[in-house]
Amino acid sequence: SQQGEEDPQALSIQEGENATMNCSYKTSINNLQWYRQNSGRGLVHLILIRSNEREKHSGRLRVTLDTSKKSSSLLITASRAADTASYFCATRVHSARQLTFGSGTQLTVLP
Amino acid sequence: NAGVTQTPKFQVLKTGQSMTLQCAQDMNHEYMSWYRQDPGMGLRLIHYSVGAGITDQGEVPNGYNVSRSTTEDFPLRLLSAAPSQTSVYFCASSQGQGVNDEKLFFGSGTQLSVL
């Protein structure tokens with residue numbers, strides 16, 4: 001079974017709007033990472049948040065982590081058409097040598 | 001640096017055929033891994049390696065073999081292809097041993113169809 005599950009599965013917004021996607025996971029983690037995948041390409045790392053952190057920013061990206069609820073959210077502000085992609089959360093369980101990925105959120109930003 | 005390079009980009013096999021998916025990285029990364037991506041399933045780990053000569057199984061290892069003779073290369077072998085192995089395959093690497101705060105660098109993928 002998958003450790004991380006993204007919600008919603010698909011999201012369509014207008015350019016300039018904010019996009020929020022969520023990730024829930026099942027077991028205690030070391031860190032949680034967000035990746036972006038453009039159509040037909042490999043995944044690209046966006047941001048990492050550790051289990052003892054609550055919020056991180058990187059440019060137009062804001063990630064929050066609530067370990068009590070076992071959930072994270074990714075906010076993309078002032079979205080652009082180029083942000084159209086699939087977004088995946090990935091969790092690393094303590095001492096595990098692997099990242100476990102969710103099934104992703106497909107974001108479409110309409111011009 | 002080229003990063004993580006996968007070949008081929010596309011491949012069609014018949015059931016029962018064998019083939020090797022190639023993966024090479026030029027970042028001197030210790031950790032390398034293979035994932036498969038299926039619609040609605042996200043990425044699932046097939047095998048991984050924490051260094052030359054060391055490999056281990058991931059979530060879905062059946063039907064696949066790996067070896068790691070050098071730091072740079074981590075080929076994935078399908079011994080007898082089955083239609084259930086139709087998928088997109090990604091190779092990924094990271095700097096350390098695959099723990100802590102390491103992030104993965106991905107190749108561009110191999111789209112495999114088994115008829």
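Observations on the model:
- In this structure, the pairs whose alpha-carbon distance is over 29 Å, taken from B:LYS14/B:LYS103; A:LYS26/B:LYS14; A:LYS70/B:LYS103, are B:LYS14/B:LYS103; A:LYS26/B:LYS14.
- Normalised by the number of residues in chain A, the mean separation of alpha-carbon contacts (under 8 Å, six or more apart) gives a relative contact order of 39 percent.
- Shape call, the range B:21-95: gyration tensor on alpha carbons, a/c limit 1.5: prolate
- With each label modelled as a point 7 angstrom along the Cα→C-beta vector, the B:SER67-A:ALA10 pair spans 4.5 nm.
- Its relative contact order, with pairs defined as Cα atoms under 8 Å and 6+ residues apart, puts the range B:50-105 at 27 percent.
- Semi-axis lengths, largest first, of the ellipsoid equivalent to the protein assembly as shown are 29, 20, 16 Å, with √(5λ) applied to each eigenvalue of the Cα gyration tensor.
- Unit charges at the beta carbon, dipole of chain B: most positive-side option, B:THR70, B:LEU45, B:GLN85: B:GLN85
Bear in mind these aren't lab numbers, they're just calculated from the coordinates by the rules spelled out. Quick caveat, the model's predicted, so the values are computed rather than measured. FYI the Cβ positions are ideal-geometry reconstructions off the backbone, even for glycines, and counts take in every protein chain you see.
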